Amino acid sequence: HCMHTQHYMPKNKNNNNKTMMRAAVYEKFGGPIQIRNIPIPTPPPNGVLIQVKATGVCRSDWHGWKGHDSDIHTHGLPFVPGHEVSGIVVQVGEGTKRIKVGDYVVIPFILSCGTCKIGRA
């Protein structure tokens with residue numbers, strides 16, 4: 001089973017509001033990308049919530065924004081792009097065993113199932 005992740009960027013360093021985050025969001029394919037405050041997601045039972053410290057935008061994000069990526073069609077709009085991130089785990093789902101709050105993590109472009117030798121490395 002794949003490790004599911006949710007990631008967020010804090011609203012600002014001095015804000016104690018723990019329910020909202022700042023994110024780049026688009027509501028239609030090819031439409032404007034806006035920085036907005038949106039609700040911080042809750043991790044699924046076998047996933048984690050990451051406070052993003054660094055991320056990049058790549059050609060895959062462009063393809064998603066243009067509507068070429070079927071996964072984004074399945075997910076639905078509005079959409080928050082970004083899939084290559086690093087940060088700190090701030091919450092874990094109840095079924096998560098190997099990762100704990102406070103761990104520093106890097107999320108690669110392709111998420112493995114985590115069950116084979118290579119995926120556990």
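The values are calculated or read from the model by the stated rules, or taken from the named source; none is laboratory data. In this text the structure is predicted, and so the values were computed from the model without any measurement. Virtual Cβ from ideal backbone geometry, glycine too; neighbours counted across all protein chains shown. Quick note on the areas: whole protein, heavy atoms, side chains included, nothing else; ligands and nucleic acids left out. Shrake-Rupley method; radii C 1.70, N 1.55, O 1.52, S 1.80 Å.
Data overview
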read-out	value
Tally of residues being modelled with pLDDT under 65 and within 23 Å of PRO81 (Cβ to Cβ) across segment 92-121	2
Complete set of residues in segment 54-79 that are farther than 29 Å from ARG98 by Cα, in a loop (DSSP other than H, G, I, E, B), out of contact with any Lys or Arg (no Cβ under 8 Å at 6 or more places or on another chain) and open to solvent by 40 Å² or more (accessible area, probe 1.4 Å)	HIS68, ASP69, PRO78
Number of positions in segment 24-53 that are assigned to a strand (DSSP E or B) and open to solvent by 50 Å² or more (accessible area, probe 1.4 Å)	7
Candidate set: segment 89-108, residues that are of a type in the set (A, V, I, L, M, F, W, C) and assigned to a loop (DSSP other than H, G, I, E, B); chosen: the one surrounded by the fewest Cβ atoms within 10 Å (Cβ to Cβ)	VAL101
Residue in segment 80-88 that is over 21 Å from VAL106 (Cβ atoms) and either open to solvent by less than 40 Å² (accessible area, probe 1.4 Å) or assigned to a loop (DSSP other than H, G, I, E, B) (or both) present	no
